[in-house]
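Scroll down for the structure; my scribbles are underneath it.
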Amino acid sequence: MTEPKRMAGGVALNFPANDEETTSSSLSPPLKAPPRRLRRRLLAEPKTPLSSEDIEAKLREANIRRQAKRQRAEYLRQRRNLSSHLHASKMIHEQEEYLSRKLARYWRRFVKLRKTAFYLAKTCILGDQ
């Protein structure tokens, strides 16, 4: 007995076996022209190998860039801390002004009503009753 062949749903992929078959047109739609940046790089003359002085100069420049980046990050961090400190300081100053006005109001009332110091403390803590 032979089993009947069953067709299963799936995806068929075709991979070329040779490098000659692999062209950009077979894998993706052809480009009208390569991007300008790539074209410039392909048409440029081959570069000469870098000397040790050139490599050291590049490393020095990279170190300078890294240091500048670190310094900028530290500067921004300090500015952020300073601004948050100023914001907190401003809030404390506003609270001081509010409490000063509140205490002056209770003091005027205390003097006007000729009450005891206990009454003044009680009204300041518990508020108006």
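The values are calculated or read from the model by the stated rules, or taken from the named source; none is laboratory data. For clarity, every value in this text was computed on a predicted model and none was experimentally measured. Cβ coordinates were reconstructed from backbone atoms using ideal geometry, including for glycine residues, and neighbour counts include every protein chain displayed.
Here are the numbers for this structure:
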item	result
Exclusive hit being touching a Ser or Thr at 6+ places or on another chain (Cβ under 9 Å) and either at pLDDT below 85 or closer than 30 Å to I125 by Cα (or both), set L82, L31, L38	L31
Candidates R114, R101, R105, filtered to the one that is modelled with pLDDT under 80 and more than 30 Å from the chain's Cα centre (by Cα)	R114
Number of the condition not met by P16 [criteria: (1) modelled with pLDDT under 80; (2) in a helix (DSSP H, G or I); (3) surrounded by 10 or more Cβ atoms within 10 Å (Cβ to Cβ)]	(2)
Within the stretch 85-103, tally of residues that are of a type in the set (K, R) and closer than 20 Å to I125 by Cα	2
Options H93, H87; residue that is within 26 Å of the chain's Cα centre (by Cα) and either of a type outside the set (A, V, I, L, M) or at positive phi (or both)	H87
Qualifying residue in the stretch 48-64 (condition: closer than 30 Å to A121 by Cβ and either in contact (Cβ under 8 Å) with a residue 24 or more places away in the chain or of a type in the set (S, T, Y) (or both))	no
Residue within the stretch 28-51 that is more than 37 Å from the chain's Cα centre (by Cα), on the phi < 0 side of the Ramachandran plot, surrounded by fewer than 10 Cβ atoms within 10 Å (Cβ to Cβ) and part of a helix (DSSP H, G or I) present	yes
